[in-house]
Structures are given as structure tokens and as C-alpha cells.
Amino acid sequence: MATVILARHGRTTANASGVLAGRSKGVHLDEHGLGQARAAGERMSTVPLAAVVTSPMERCKETAREIAKVQQGKVATRTERGLVECDYGAWTGRTLGELAKEDLWKTVQAHPSAVTFPEGESMVTMAQRAIDAVRRWDAVVTAEHGADAVWVAVSHGDVIKAILADALGMHLDAFQRIVVDPASLSVVRYTPLRPFVLSVNSSVGDLAHLRPPVKPRRRGKAAPSSSDATVGGGAGSA
């Protein structure tokens, strides 16, 4: 199946000030975040992307725009509601320092699968709709562009952490062990048997090794990716 690059949006004014933005409107990339998004796009510029799929939040759309504009050819950009930020409810717009004093904060840290944010979404619901969205889009991209295709999903920190936890076979309660920095890239390849996590939270280096072969399979004739893990670890990419 296709390979997905999970891109977190660049830094925002809310990130810089320690505020939980959630689904607040009008939260944009700051100058540093815009530079991060451009750098992330440059890292993927040699990889022909089959699609750029983004959360509907402004900060993700702005990041997706920077990724798409440096592609050598035109790439379709789509909005996917399943990738939207967690609905933090009454926590939205409050500072992290203030929230850390709440009793619920401890549960968020140690047992997130038990958390439903006041007037908001449960973390289980957030995780499941994001995982479903990525797997659905991966199947669509594979059917339309072949098993060697590469596409990008632009989303948010907790959302990407939940997708990675699923790909790693981890319970959601362990997802706080995963770090996903602004504008970082993580790479997952799904197969019929298991996902393979190729990288997590990378911020430097181009992704040229993900380029499809010179003679890709014919469109619509994708063969399933191997589900076998390489015993001993293999030789890696050339």
C-alpha cells in the first residue's frame, strides 16, 4: 500500500505562548512556524506526492500550502475533517500552566483513554476517527496511484501521536511516550498484515529515499506491499 508522511503543522502564536489552541479559529503560523513549514516542504520536494490531505484548521492549511507549492508538479490538496484537532472543550484557550493544575491533567498524562474533555471530545474518539481517516485515505491513494505512491497528512500533535501509537501497536494510554514537534515528519507504510513505522518526529534530512521507482506500477494495478518484516533488520535504503 501507499506510504503516508504525517506532518504536524508549524509553530503557531498559541504554541509560542503556551496556550491550548484546540479548535479556536484564527490561530495561524507565526514567522518561525512559517519557516518550519517551508523547510518541511523542501524536505519532500524531491518526492512526487500523490496528495496532500489536511486538517481544516488554518495552521494546517497554511502548512499544507507550503508543502504543495514546492512540488515539481501540481498536487491535489484535500481537506479531511477526521484529521482535525481534538476538541478540548472547556480547556480550549487556556494556558498549559493553568491546565497542569487540574486533576484531569494527571489522567491525560497517565490514562488518556479514560479522558473526555469537559464539553469536548474523548481522546478515544479523537484517536479512532483520525486512524480511520488515514487508513481510508491510504487505501484511496493506493487504488488511484499504486502501492509505491507517497502522500502527506497534515494534522496536529495529539492526533499524529494517536495515529503513530496505533501503527506501533501501542495502547492509547502509552501515546504520551511519543514526541511530535511542530513541522516534524513521521512516516508510516501500511500493509495488509501490519503497518511499518519508518520514522518518527524527524526534523532534518530530505526524504528522497521515499521516491517511487523509476518505472512505477501501472495506475490502478497496485500490488500489495509485503507484510513481512526483514529478519535481522535488513540493509536499509540505499
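Scanning the stretch 21-50 for residues that are touching a Ser or Thr at 6+ places or on another chain (Cβ under 8 Å), open to solvent by less than 30 Å² (accessible area, probe 1.4 Å) and part of a loop (DSSP other than H, G, I, E, B) returns Ala21, Gly22, Val27, Asp30. Residues of the stretch 1-20 that are in a loop (DSSP other than H, G, I, E, B), buried (at least 24 other Cβ atoms within 10 Å of the Cβ) and modelled with pLDDT of 95 or more: His9, Gly10.
His156 passes every criterion in (1) at pLDDT 95 or above; (2) of a type outside the set (Gly, Ala, Ser); (3) under 21 Å from Val70 (Cα atoms) apart from (3). Of the residues screened, Asp87 is one that is open to solvent by 40 Å² or more (accessible area, probe 1.4 Å), part of a loop (DSSP other than H, G, I, E, B), touching a helix residue (DSSP H, G or I) at 6+ places or on another chain (Cβ under 8 Å) and not basic (Lys, Arg).
Restricting Ser17, Ser45, Ser24 to residues that are under 18 Å from the mean Cα position of the chain (by Cα), over 18 Å from Gly146 (Cβ atoms) and of a type outside the set (D, E, K, R) narrows the list to Ser45. Among the residues making up the stretch 140-179, those that are open to solvent by 10 Å² or more (accessible area, probe 1.4 Å), assigned to a loop (DSSP other than H, G, I, E, B) and within 15 Å of Ala127 (Cα to Cα) are Leu168, Gly169, Met170, His171, Ile178.
Tell me, which residue of the stretch 83-107 that is of a type in the set (A, V, I, L, M) and touching a residue at least 40 places away in the same chain (Cβ under 8 Å) is farthest from Ala153 (Cα to Cα)? Filtering the stretch 83-107 for residues that are of a type in the set (A, V, I, L, M) and touching a residue at least 40 places away in the same chain (Cβ under 8 Å), the one farthest from Ala153 (Cα to Cα) comes out as Leu99. Among residues that are modelled with pLDDT under 95, of a type in the set (A, V, I, L, M) and touching a Leu at 6+ places or on another chain (Cβ under 6 Å), Val75 is included. Of the residues making up the stretch 84-108, those that are closer than 17 Å to Leu172 by Cα and in contact with a Pro (Cβ under 8 Å, 6 or more places away or on another chain) number 1. When Lys74 is tested against (1) basic (Lys, Arg); (2) closer than 20 Å to Thr3 by Cα; (3) in a helix (DSSP H, G or I), exactly one condition is not met: (3).
Go through the stretch 93-123 and count every residue that is part of a loop (DSSP other than H, G, I, E, B) and either surrounded by fewer than 19 Cβ atoms within 10 Å (Cβ to Cβ) or touching a Cys at 6+ places or on another chain (Cβ under 6 Å) (or both).
Narrowing the stretch 93-123 to residues part of a loop (DSSP other than H, G, I, E, B): 93-94, 100-102, 111, 115, 117-121.
Add one more test, that the residue is either surrounded by fewer than 19 Cβ atoms within 10 Å (Cβ to Cβ) or touching a Cys at 6+ places or on another chain (Cβ under 6 Å) (or both), and what stays is 93-94, 100-102, 111, 118-119, 121.
Adding up the residues that qualify gives 9.
The set of residues in the stretch 51-74 being in contact with a His (Cβ under 7 Å, 6 or more places away or on another chain) and open to solvent by less than 20 Å² (accessible area, probe 1.4 Å) consists of Ser55, Arg59, Cys60, Thr63.
The values are calculated or read from the model by the stated rules, or taken from the named source; none is laboratory data. Nothing here was measured: the structure is a model prediction, and the numbers come from that model. Here the Cβ is made from the backbone with ideal geometry for all residues, glycine too, and neighbour counts use every protein chain on show. The accessibility values were calculated without ligands, DNA or RNA, using every heavy atom of the protein model including side chains. Shrake-Rupley method; radii C 1.70, N 1.55, O 1.52, S 1.80 Å.
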